[in-house]
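Novice: Quick one: the structure is below, and I'll ask about it shortly.
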Amino acid sequence: MFEELHEELPDTGLYWQKLGMEAPKEQPNRELLDQMIYAHQCRIPFEDLDIYENKLNVSLGMNDMFDKIIRGKRGGFCFELNALFHELLAETGFQVSAVLGRSLKDAGYVFPITHRAMIVTLGGERLFCDVGYGGPMPPCAIPLEDGCEVSSHGQAFRIERGEQAPWWNVYYLGNAAELEAARAAGEPEREPISVVGFMDAPMNLNDFVPLSHYCCTSPLSSFTFKRMANRRTDNGSVSITNDEFTRVTPEGKETVQIESRDQLDQILKDEFGIVM
């Protein structure tokens, strides 16, 4: 019944091509892992269009996800993107475990557990990895060390143990250069933004099926009533929330109202590489 969840990738060469990378010849290492994470976030968008617009309960079968996202001009949400990336990491030689998580965005309530992420074990070090969260999302792996901070591609993040084991929380600290300058000058830092929490406990792939079904079908799921797309760029990000398109660059944020279906389709194609 769940055999399709455990299939191998149909074509790893095409996956590497999608990432704009060549299949690595070296043994798994931290630099390669970080390169893969960043490339994935830049070249394969997070999006929920099948759920929001097409009212689909998306398939988690490996071949179905591969056809949609790698062969097709689409993206996906966490149960798709992190599933594909998990398998690519495993076939590249990384030791990887799937874990449960939840959004920590401030919505006035605690989000249910509706996220899938990964922990990679590399040379005795355990690292949190995620390519399926809408943002802000760490563009690199983060060691599971309480209070550890990482800076990558101009952004700074911190990881902390949650109040109850086995939970960990990830926080966005803002622009890395601004953070460093504020600390050097003894000035107040910006308030950390809670991003995502995850459980340090490996899960069976079958466990994600009912969670994905809830996300795709429940009227309480944000995916069923909110159009979302997000992609990292070389100098920031682009995103769609309902009928608003936003571009973030070092110069600031620009938001445009989407006023027609044709305009939406053009933005999806030009900014996200998505063809519905």
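The values are calculated or read from the model by the stated rules, or taken from the named source; none is laboratory data. Computed from a predicted structure; not experimentally measured. Heads up, the Cβs are rebuilt from the backbone with ideal geometry, glycines too, and the neighbour counts pull from every protein chain shown. Please note that ligands, DNA and RNA were not included when accessible areas were found on the heavy atoms of the full protein model with its side chains. Shrake-Rupley method; radii C 1.70, N 1.55, O 1.52, S 1.80 Å.
Novice: I need a count of the residues in segment 110-136 that are loosely packed, with under 14 Cβ neighbours inside 10 Å and on the phi > 0 side of the Ramachandran plot.
Specialist: 2
Novice: On to the next question. Out of Gln164, Gln95, report the one residue that is open to solvent by 20 Å² or more (accessible area, probe 1.4 Å), of a type in the set (S, T, N, Q), more than 11 Å from the chain's Cα centre (by Cα) and more than 27 Å from Ser222 (Cα to Cα).
Specialist: Only one candidate qualifies: Gln95.
Novice: Next question, about the same structure. Are any of the residues in segment 245-254 of a type in the set (Val, Ile, Thr), assigned to a loop (DSSP other than H, G, I, E, B) and free of Cβ contacts under 8 Å to residues at least 40 places away in the same chain?
Specialist: no
Novice: Conditions first: (1) assigned to a loop (DSSP other than H, G, I, E, B); (2) among the aliphatic types (A, V, I, L, M); (3) touching a strand residue (DSSP E or B) at 6+ places or on another chain (Cβ under 6 Å). Val238 passes all but one, so which condition is the exception?
Specialist: In the conditions (1) assigned to a loop (DSSP other than H, G, I, E, B); (2) among the aliphatic types (A, V, I, L, M); (3) touching a strand residue (DSSP E or B) at 6+ places or on another chain (Cβ under 6 Å), Val238 misses (1) alone.
Novice: Anything in segment 112-130 that is closer than 18 Å to Arg161 by Cα and not in a strand (DSSP E or B)? List them, or say none.
Specialist: Ile113, Asp130
Novice: Could you check, for segment 131-141, whether at least one of its residues is β-branched (Val, Ile, Thr) and part of a loop (DSSP other than H, G, I, E, B)?
Specialist: Among the residues of segment 131-141, at least one is β-branched (Val, Ile, Thr) and part of a loop (DSSP other than H, G, I, E, B), which makes the answer yes.
Novice: Then there's this: Can you tell me which residue among Glu149, Glu178 is in contact with a strand residue (DSSP E or B) (Cβ under 7 Å, 6 or more places away or on another chain), farther than 19 Å from Arg116 by Cα and open to solvent by 60 Å² or more (accessible area, probe 1.4 Å)?
Specialist: Matching residue, one of Glu149, Glu178: Glu149.
Novice: Under the condition of being within 23 Å of the chain's Cα centre (by Cα) and charged (D, E, K, R), which residue from segment 181-212 is nearest to Leu144 (Cα to Cα)?
Specialist: The extreme case among them is Asp200.
Novice: A further question follows. State the number of residues belonging to segment 59-78 that are under 17 Å from the mean Cα position of the chain (by Cα) and under 21 Å from Asn242 (Cα atoms).
Specialist: 5
Novice: Yes or no: Ala107 free of Cβ contacts under 8 Å to residues at least 40 places away in the same chain and surrounded by fewer than 22 Cβ atoms within 10 Å (Cβ to Cβ)?
Specialist: Criteria met by Ala107.
Novice: Here's a follow-up. Every residue in segment 16-53 that is assigned to a loop (DSSP other than H, G, I, E, B), open to solvent by less than 20 Å² (accessible area, probe 1.4 Å) and acidic (Asp, Glu), please.
Specialist: Matches in segment 16-53: Asp48 only.
Novice: Is one or more of the residues making up segment 70-92 more than 20 Å from Ser237 (Cβ to Cβ) and either assigned to a loop (DSSP other than H, G, I, E, B) or aromatic (Phe, Trp, Tyr) (or both)?
Specialist: yes
Novice: Still on this structure, please answer the following. Only one of these is closer than 29 Å to Gly162 by Cβ, at pLDDT below 95 and in contact with a helix residue (DSSP H, G or I) (Cβ under 8 Å, 6 or more places away or on another chain): Leu88, Leu5, Leu84. Name it.
Specialist: Answer to the selection: Leu5.
Novice: What tally of residues in segment 153-179 results from selecting those that are assigned to a strand (DSSP E or B) and either closer than 20 Å to Gly135 by Cβ or of a type outside the set (D, E, K, R) (or both)?
Specialist: 15
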